[in-house]
1. Each residue of region 358-365 in turn: what ³J(HN,Hα) in whole Hz from Karplus with 6.51, -1.76, 1.60 and θ = phi - 60°, glycine and Pro shown as x?
2. What nm distance separates the two modelled labels at N306 and E56, each placed 7 Å from Cα along Cα→Cβ?
3. Once you treat every alpha carbon in region 303-402 as an equal point and sum by Debye, what is log10 I(q)/I(0) at q = 0.10, 0.22 Å⁻¹?
4. Using just the alpha carbons, could you tell me how many Å³ per residue the convex hull of region 38-121 encloses?
5. DSSP loop trypsin sites (Lys or Arg not before Pro) in region 44-111 with at most 10 other Cβ atoms within 10 Å of their Cβ, which ones?
6. How long are the semi-axes of the equivalent ellipsoid of region 206-357, defined as square roots of 5 times the Cα gyration tensor eigenvalues? Whole Å, largest first.
7. DSSP loop (so not H, G, I, E, B), at most 15 other Cβ within 10 Å: list which trypsin sites (Lys or Arg not before Pro) in region 287-355 pass both filters.
8. Rounded to the nearest 500 deg cm²/dmol, what is the calculated helix-only ellipticity per residue at 222 nm for the chain, with -39500 (n - 2.57) per DSSP H run of length n ≥ 4?
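The values are calculated or read from the model by the stated rules, or taken from the named source; none is laboratory data. Keep in mind that what you see is a predicted model, and the values were worked out from it rather than measured. Because the Cβ atoms are built from the backbone with ideal geometry, glycine has one as well, and the counts that use them run over all protein chains shown. Side chains included, ligands, DNA and RNA excluded: accessible areas come from the protein's heavy atoms. Shrake-Rupley method; radii C 1.70, N 1.55, O 1.52, S 1.80 Å.
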Amino acid sequence: MKCKKIMILGGGKNQIPLIEAAEKLGYYVVVCDERGDIQGKQLCDKFIHINYTDKELVLQAARKEKIDGIISNSEPAMLTVAYVSENLRLPGNSTSSIQKLLSKEKFRNLQKEAGVFAPFYRGAETPEELLEAVGEMSFPVIIKPAESSGSRGTTRLDNFDREKILEAFEKCREFSRNNRVAAEEFVKMDSLIVNEADIFVLGNEILWDGIMSTGRAAETPMLPMTYNFPARISEDNLYKLKNTVEKILKQANITHGIYNVESYFTEDQVFVIEINPRQGGNFIPKLIQEHTGIDMYKLLVSASVNDLSYYNSLKGYKRKNEFITLQTVFAKQKGSYKGLYIDQEISDYVQWTQELYKYNDFIEKGENASNVVAYADLKFGTCEEQSFFIRNIEKYIYAIVQ
């Protein structure tokens, strides 16, 4: 007899590690997904063929199954996770708390309420509203979907151009889950380094083992490219970052789960770009385990059914401190993919690679997170080795395109 019953929303490739972690823990796993031909269906104890964004349907299924907890790492599913946990009094957060993180507009309001920095912004439901909003702003201006992820549709404008604003509205609305578009004044990022983290929250405690520095290319500053562990951040700046994030989460009344944080420093303050109510993509949980030894999948799964044995064991766990880098490869131009180039000088540090395209496939120029061509995971022996190679990493690893 399995001791706990967990519901996981989504059975695709991103949820497979959650399903596998739950099975290893001996839990009874129920997977919900509207796609019937997915891998997760074969790995779980029970598969329910429903749309996991339908909160009422999932709640009915959860009641019937008498689950002990519910999770996902799919952003569109997180409101449903909160709704079910709130209604069944399971470990989790309120829907209003999660909505404040999912909506770009509500998140900027949340930052102001928490007393931390937020740029001037406006939301828009129509092209006319967006034109009016942008007209009130200082340039550059960023236009983005009000509810989306992965920089999809995000557009930077350096001056007022009616045609480009209208084009950006349609592009962003296509990716926005609530059909709204947000505009905000651009916050300058001189360093091209984003402090990213997957943090675990339980009550008033936060585990910061997942903090990293993410390098970005000058021509595509909104695209995360080079993930580096440990983070390149001073103790003083780390304190400022933690304090800022804690204020935001407290104001939102977030008390449970894993959150992906993106931030950077201006000349005099911390700018939190967003806090996503899910694990980060691009293998971040896997990288954290390579760097520290901590299994973030196991941590999320076990805590979601109020099994705190693994969480408590981490209080006395001596972390590893490996020098890990993940290079997320984007194409510099569109064309025919001819393979992943890895220079011989760096090849001994490569742990694994994954190519998302086959030879001769057509690929797009890297403009948003969906344009990833390949990944290369590297492990270095020293900080000096890591620093030497990441300084010009696109010289050593890149997509060959013709």
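1. 9, 4, 6, 5, 7, 10, 8, 5
2. Using points 7 Å along Cα→Cβ, the separation is 2.8 nm.
3. -0.40, -1.05
4. Dividing the Cα hull volume of region 38-121 by its residues yields 121 Å³.
5. Here the trypsin sites (Lys or Arg not before Pro) that fit, given the DSSP loop and packing criteria, are K66, R89.
6. Over the Cα atoms of region 206-357, the ellipsoid semi-axes are 29, 21, 16 Å.
7. Within region 287-355, the qualifying trypsin sites (Lys or Arg not before Pro) (loop, at most 15 other Cβ atoms within 10 Å) are K318, R319, K320, K332, K334.
8. That comes out to -9500 deg cm²/dmol.
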